[in-house]
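Visitor: After the structure tokens below, expect a handful of questions from me.
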Amino acid sequence: MGRRPTIHDVAAEAGVSVSTVSKAVNGRYGIAADTVQRVLDVVERLGYESSLVASSMRSFRTGVIGVLVADFEPFSAEILKGVAQALHSTRYDLLAYSGSRQADSTGWERRSLSRLSGTLIDGAIMVTPTVVSASVDVPIVAIDPHTGRADLPTVESDSYHGALDAMEYLLGLGHRRIGFLAGRPDLRSAAARDAGYRKSLRDAGIEIDPALVRNGMYLLETARDEARVMLSNPRRPSAVFCANDMSAIALMEVAGELGIRVPEDLSVVGFDDVPEAARVSPGLTTVRQPMRRLGALAAEYVTGLLAGEQPPSLHVQLPTKLVVRGSTGPPPVS
């Protein structure tokens, strides 16, 4: 044929439709056994069996693990690096996938899984999913899932105690007017960071000022807008704890535009420790979560499930660590 055979070549040779070929090679119902056999004979004769879809027909395995992310941003990039490292010594390839969310951002994972499972991937890792339930027949592991109940394996960091550490550090420096730039409310990690912020202030006997709590939603432009509102307050905070690093970096940029010096006038703490945190000037004090380890552990779980093994625990929480850099210092002298 002089070129790699396609599903259209198989359909033409077998005298059936493309959809019938797809059903035959993927073992789906609705076609007669003799038709299936005819299609498979053509697949073998044309050499189409070397394709990913045909390989899944013979072994019911594609050799691919899919990682579904909402966006390719620094946090998910670090997760992907961890997954890739864990899969390097296995027979599995990595497929990174970000589905369309133009119509409705909630539940995009279900739509993506329905497109990928069975024909393109053997298992899936969902990063910061809005939902954790899906009617698919491949193993799924969630990283940093939403706030609802999760009946599938999940791995995440200890966001609550990470927030306590960040707040304890700022309070120890002498800050009392501390703002919070929150994250996505549908993620339990973001809710845990919010809870840690509030508990720290309560324990210190400090009343929470609603004007100093803004929601950046983990979106850069939203974080910038909310940071501007917070820092334009006549009684602006002397420190701000941000629910992720990119929001913290956005806040530092806004502070610079407003003539507010970091850390002389304003201390800033982030969460994640993405590579950008060490590159900004001043370097960002942040709570480090083991992002690559999260990805690697999720990969180990999903490959174990594919091998018929049950994970040692359905839910795993990894510790965090405060990393002090140049963006924090004592509050300015009144």
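Visitor: For residues in region 244-270 being touching a residue at least 60 places away in the same chain (Cβ under 8 Å), more than 10 Å from Leu181 (Cβ to Cβ) and in contact with an Asp or Glu (Cβ under 8 Å, 6 or more places away or on another chain), which is surrounded by the fewest Cβ atoms within 10 Å (Cβ to Cβ)?
Guide: Of everything passing the filter in region 244-270, Met246 is surrounded by the fewest Cβ atoms within 10 Å (Cβ to Cβ).
Visitor: Within region 183-199, take every residue that is open to solvent by less than 10 Å² (accessible area, probe 1.4 Å) and small (Gly, Ala, Ser) and give me the one that is farthest from the chain's Cα centre (by Cα).
Guide: The extreme case among them is Gly196.
Visitor: Just to be sure I understand, how many residues within region 271-281 are touching a helix residue (DSSP H, G or I) at 6+ places or on another chain (Cβ under 6 Å), under 20 Å from Asp165 (Cα atoms) and part of a loop (DSSP other than H, G, I, E, B)?
Guide: Total satisfying the criteria: 1.
Visitor: How about region 308-328: which of its residues are open to solvent by 40 Å² or more (accessible area, probe 1.4 Å) and touching a Ser or Thr at 6+ places or on another chain (Cβ under 6 Å)?
Guide: His315, Val324, Arg325
Visitor: So, one more: Among (1) free of Cβ contacts under 8 Å to residues at least 60 places away in the same chain; (2) among the acidic types (Asp, Glu); (3) farther than 25 Å from Leu170 by Cβ, where does Asp273 come up short?
Guide: So Asp273 meets the others, but not (3).
Visitor: Separate question: Kindly evaluate Glu78 against the criterion of being open to solvent by less than 60 Å² (accessible area, probe 1.4 Å) and modelled with pLDDT of 90 or more.
Guide: So Glu78 passes the test.
Visitor: Something else about it: Of everything in region 209-229, what is hydrophobic (A, V, I, L, M, F, W, C), within 21 Å of Val280 (Cα to Cα) and open to solvent by less than 20 Å² (accessible area, probe 1.4 Å)? Give them in sequence order.
Guide: Passing the criteria: Ala223, Ala227.
Visitor: When region 230-243 is examined, which residues are found to be polar (S, T, N, Q) and either surrounded by fewer than 19 Cβ atoms within 10 Å (Cβ to Cβ) or more than 21 Å from Leu173 (Cα to Cα) (or both)?
Guide: The answer is Ser232, Asn233.
Visitor: Only one of these is assigned to a strand (DSSP E or B) and under 22 Å from the mean Cα position of the chain (by Cα): Val287, Val268, Val302. Name it.
Guide: Val287
Visitor: Here's something else I'd like to know. Report, ordered by the first and then the second residue, all pairs with beta carbons closer than 8 Å, sequence separation of six or more or different chains, a first member in region 84-100 that is within 11 Å of Val69 (Cα to Cα), and a second member that is among the hydrophobic types (A, V, I, L, M, F, W, C) and open to solvent by 70 Å² or more (accessible area, probe 1.4 Å).
Guide: What qualifies is Ala96/Phe72; Ser98/Phe72.
Visitor: Right, another one. Which residue is nearest to Val302 (Cα to Cα), if the candidates are limited to region 32-66 and must be among the hydrophobic types (A, V, I, L, M, F, W, C) and at pLDDT below 70? Explain how you work it out, then say what you get.
Guide: Applying the first criterion (among the hydrophobic types (A, V, I, L, M, F, W, C)) to region 32-66 yields 32-33, 36, 39-40, 42-43, 46, 52-54, 57, 60, 64-65.
Now narrow it down to the ones that are at pLDDT below 70: 52-54, 57, 60.
On the way: Leu52: 20, Val53: 20, Ala54: 23, Met57: 21, Phe60: 16 Å.
Among them, the one singled out is Phe60.
Visitor: Here's another thing I want to ask about it. Within region 156-192, track down each residue that is outside any helix (DSSP H, G or I) and either farther than 15 Å from Asp272 by Cα or in contact with a Cys (Cβ under 8 Å, 6 or more places away or on another chain) (or both).
Guide: Leu173, Gly174, His175, Arg176, Arg177, Ile178, Gly179, Phe180, Leu181, Pro185, Asp186, listed by residue number.
Visitor: Filter region 285-300 for residues that are among the basic types (Lys, Arg) and within 10 Å of Val274 (Cα to Cα) and give the result. Spell out the reasoning first.
Guide: Here is the first cut: in region 285-300, the ones among the basic types (Lys, Arg) are 288, 292-293.
If the condition is that a residue be among the basic types (Lys, Arg) and within 10 Å of Val274 (Cα to Cα), then Arg288 is the only one that fits.
Visitor: Continuing with this model, one more query. When you scan region 258-302, how many residues do you find that are of a type in the set (S, T, N, Q) and out of contact with any strand residue (DSSP E or B) (no Cβ under 9 Å at 6 or more places or on another chain)?
Guide: 1
Visitor: Read through the list (1) touching a helix residue (DSSP H, G or I) at 6+ places or on another chain (Cβ under 9 Å); (2) modelled with pLDDT under 95, then give the number of the only condition that Ala227 fails.
Guide: Only one criterion in (1) touching a helix residue (DSSP H, G or I) at 6+ places or on another chain (Cβ under 9 Å); (2) modelled with pLDDT under 95 is unmet by Ala227, namely (2).
The values are calculated or read from the model by the stated rules, or taken from the named source; none is laboratory data. Everything quoted here is computed from the prediction, not taken from an experiment. Here Cβ is always computed from backbone atoms with ideal geometry, including for glycine, and neighbour counts include all displayed protein chains. What goes into the accessible areas is simple: the full protein's heavy atoms, side chains included, and nothing from ligands, DNA or RNA. Shrake-Rupley method; radii C 1.70, N 1.55, O 1.52, S 1.80 Å.
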